[in-house]
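*Asks:* Here it is, the structure in full.
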Amino acid sequence: QVELVESGGGLVQAGGFLRLSCVVSRNIFSIGTMGWYRQAPGKQREMVATISTSRSTNYADSVKDRFAVFRDNTRNMVYLDMFSVKPEDTAVYFCYAELRSTLTAALRDYWGQGTQVTVSS
(Lines give C-alpha, C1' and ligand atoms only; values in the text may rest on other atoms or scores of the structure.)
Protein backbone atom coordinates (compact mmCIF):
# COMPACT_ATOMS: atom_id res chain seq x y z
CA GLN A 1 0.00 0.00 0.00
CA VAL A 2 1.48 3.31 -1.10
CA GLU A 3 1.25 6.11 1.41
CA LEU A 4 2.24 9.74 1.46
CA VAL A 5 3.43 10.72 4.92
CA GLU A 6 3.62 14.38 5.85
CA SER A 7 5.56 15.99 8.68
CA GLY A 8 6.52 19.43 9.88
CA GLY A 9 3.20 21.03 10.69
CA GLY A 10 2.59 22.89 13.91
CA LEU A 11 2.10 26.28 15.50
CA VAL A 12 4.11 29.24 14.23
CA GLN A 13 3.92 32.97 14.79
CA ALA A 14 3.01 35.33 11.99
CA GLY A 15 6.09 36.27 10.01
CA GLY A 16 7.84 33.05 10.90
CA PHE A 17 9.05 30.04 8.92
CA LEU A 18 7.85 26.47 8.67
CA ARG A 19 8.97 23.57 6.47
CA LEU A 20 6.62 20.75 5.51
CA SER A 21 7.98 17.44 4.27
CA CYS A 22 6.31 14.52 2.55
CA VAL A 23 7.70 11.11 1.65
CA VAL A 24 6.29 8.36 -0.54
CA SER A 25 6.32 5.42 1.82
CA ARG A 26 7.48 2.63 -0.45
CA ASN A 27 9.25 2.02 -3.72
CA ILE A 28 7.17 2.88 -6.75
CA PHE A 29 7.83 2.76 -10.49
CA SER A 30 7.58 6.49 -11.16
CA ILE A 31 6.41 9.78 -9.70
CA GLY A 32 4.87 12.58 -11.72
CA THR A 33 3.79 15.93 -10.42
CA MET A 34 4.01 16.45 -6.66
CA GLY A 35 2.77 19.26 -4.51
CA TRP A 36 0.74 20.67 -1.68
CA TYR A 37 -2.87 21.60 -1.19
CA ARG A 38 -4.59 23.06 1.86
CA GLN A 39 -8.02 23.26 3.38
CA ALA A 40 -9.05 25.87 5.91
CA PRO A 41 -12.12 25.40 8.12
CA GLY A 42 -15.29 25.98 6.15
CA LYS A 43 -13.44 26.30 2.85
CA GLN A 44 -12.73 24.07 -0.11
CA ARG A 45 -9.37 22.42 -0.62
CA GLU A 46 -7.14 24.63 -2.74
CA MET A 47 -3.85 24.20 -4.56
CA VAL A 48 -0.89 25.80 -2.80
CA ALA A 49 2.08 24.72 -4.93
CA THR A 50 2.98 22.00 -7.40
CA ILE A 51 6.21 20.88 -8.99
CA SER A 52 6.50 18.77 -12.12
CA THR A 53 9.06 16.13 -12.99
CA SER A 54 11.05 18.82 -14.82
CA ARG A 55 10.83 20.97 -11.68
CA SER A 56 8.48 23.48 -13.22
CA THR A 57 6.54 25.07 -10.36
CA ASN A 58 3.10 26.57 -9.98
CA TYR A 59 1.91 28.60 -6.99
CA ALA A 60 -1.35 30.01 -5.74
CA ASP A 61 -1.35 33.80 -5.96
CA SER A 62 -1.76 34.04 -2.20
CA VAL A 63 1.58 32.33 -1.52
CA LYS A 64 3.73 33.48 -4.43
CA ASP A 65 7.02 35.02 -3.27
CA ARG A 66 6.49 33.54 0.22
CA PHE A 67 6.41 29.77 -0.27
CA ALA A 68 8.81 27.50 -2.15
CA VAL A 69 8.16 23.93 -3.27
CA PHE A 70 10.98 21.56 -4.15
CA ARG A 71 11.51 17.84 -4.52
CA ASP A 72 14.20 15.25 -3.95
CA ASN A 73 13.68 12.44 -6.43
CA THR A 74 16.40 10.30 -4.86
CA ARG A 75 14.35 10.16 -1.66
CA ASN A 76 10.84 10.35 -3.18
CA MET A 77 10.18 13.47 -1.18
CA VAL A 78 8.56 16.85 -1.68
CA TYR A 79 8.95 19.86 0.57
CA LEU A 80 7.20 23.16 1.14
CA ASP A 81 9.15 26.04 2.67
CA MET A 82 6.75 28.57 4.12
CA PHE A 83 8.30 32.00 4.73
CA SER A 84 6.60 35.07 6.21
CA VAL A 85 3.56 33.05 7.18
CA LYS A 86 0.27 34.82 7.82
CA PRO A 87 -2.76 33.88 9.96
CA GLU A 88 -4.67 33.23 6.73
CA ASP A 89 -2.21 30.42 5.96
CA THR A 90 -3.77 28.44 8.81
CA ALA A 91 -5.12 25.21 7.35
CA VAL A 92 -4.61 21.48 7.06
CA TYR A 93 -1.94 20.94 4.41
CA PHE A 94 -2.11 17.86 2.20
CA CYS A 95 0.72 16.35 0.25
CA TYR A 96 -0.14 15.24 -3.30
CA ALA A 97 1.59 13.08 -5.87
CA GLU A 98 0.88 11.40 -9.17
CA LEU A 99 2.26 7.89 -8.86
CA ARG A 100 2.62 4.85 -11.03
CA SER A 101 3.15 1.96 -8.63
CA THR A 102 4.36 -0.56 -11.24
CA LEU A 103 5.31 -0.54 -14.92
CA THR A 104 1.81 -1.58 -15.98
CA ALA A 105 -0.19 0.36 -13.39
CA ALA A 106 -2.16 3.45 -14.28
CA LEU A 107 -0.99 6.86 -13.13
CA ARG A 108 -3.02 7.72 -10.06
CA ASP A 109 -3.41 10.61 -7.65
CA TYR A 110 -2.37 9.95 -4.08
CA TRP A 111 -2.94 12.13 -1.02
CA GLY A 112 -1.44 12.30 2.43
CA GLN A 113 -3.48 12.39 5.61
CA GLY A 114 -2.81 16.07 6.16
CA THR A 115 -0.83 18.08 8.67
CA GLN A 116 -2.17 21.03 10.62
CA VAL A 117 -0.49 24.40 10.27
CA THR A 118 -1.63 27.14 12.63
CA VAL A 119 -0.31 30.68 12.37
CA SER A 120 -0.85 32.90 15.39
CA SER A 121 -1.10 36.66 15.05
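The values are calculated or read from the model by the stated rules, or taken from the named source; none is laboratory data. Predicted model only: the values in this text are computed from it and were never measured. All Cβ positions, glycine included, derive from the backbone under ideal geometry; neighbour counts span all protein chains shown. We work out accessible area using only protein heavy atoms, side chains counted, and drop any ligands, DNA or RNA first. Shrake-Rupley method; radii C 1.70, N 1.55, O 1.52, S 1.80 Å.
*Asks:* Sort Arg26, Arg66 by heavy-atom solvent-accessible area, probe 1.4 angstrom, most to least. Walk me through the intermediate numbers first.
*Replies:* Numbers: Arg26 95, Arg66 30 Å².
Correct descending sequence by accessible area is Arg26, Arg66.
*Asks:* Sort Ser25, Ser54 by accessible area with a 1.4 Å probe, largest first.
*Replies:* Details: Ser25 60, Ser54 90 Å².
Of Ser25, Ser54, the descending order of accessible area is Ser54, Ser25.
*Asks:* Could you list the GluC sites (Glu not before Pro) in region 1-82 that lie in coil according to DSSP, counting only those with at most 15 other Cβ atoms within 10 Å of their Cβ?
*Replies:* Working: sites: Glu3, Glu6, Glu46; in loops: Glu3.
Hits after loop and neighbour filter: Glu3.
*Asks:* Same structure again: Using the heavy atoms of the protein chains and a 1.4 angstrom probe, tell me the accessible area per residue for the chain in square angstrom. Spell out each step's value before the answer.
*Replies:* Details: 6580 Å² over 121 residues.
About 54 Å² of surface per residue is accessible.
*Asks:* What is the pair-distance distribution P(r) of region 1-43, computed from all Cα-Cα distances in 5 Å bins starting at 0, with each bin given as a whole percent?
*Replies:* It works out to 5, 13, 22, 22, 18, 10, 7, 3, in whole percents.
*Asks:* So which chymotrypsin sites (Phe, Trp or Tyr not before Pro) in region 27-121 end up in coil per DSSP with only 15 or fewer other C-beta atoms within 10 Å?
*Replies:* Values: sites: Phe29, Trp36, Tyr37, Tyr59, Phe67, Phe70, Tyr79, Phe83, Tyr93, Phe94, Tyr96, Tyr110, Trp111; in loops: Phe29, Phe83.
Those that pass, being in a loop and sparsely packed, are Phe29, Phe83.
*Asks:* For Ser84, what accessible surface area do you get with a 1.4 Å probe? Give it in Å², rounded to 10.
*Replies:* Approximately 60 Å² for this residue.
*Asks:* Separate question: Taking a 1.4 Å probe, which of Ser52, Ser7 shows the most accessible area, and what order do the others take after it? Intermediate values should be presented prior to the final figure.
*Replies:* On the way: Ser52 25, Ser7 60 Å².
From most exposed to least exposed: Ser7, Ser52.
*Asks:* Please report the carbon-and-sulfur percent of the accessible area for the chain; probe 1.4 Å, protein heavy atoms only, DNA, RNA and ligands left out. Each step should come with its number before you reach the end.
*Replies:* On the way: 3070 of 6580 Å².
Whole-percent figure for carbon plus sulfur exposure: 47.
*Asks:* Please compute the contact order of the chain in relative form: average sequence separation of alpha-carbon pairs under 8 Å and at least six residues apart, divided by the residue count, as a percent.
*Replies:* 36 percent.
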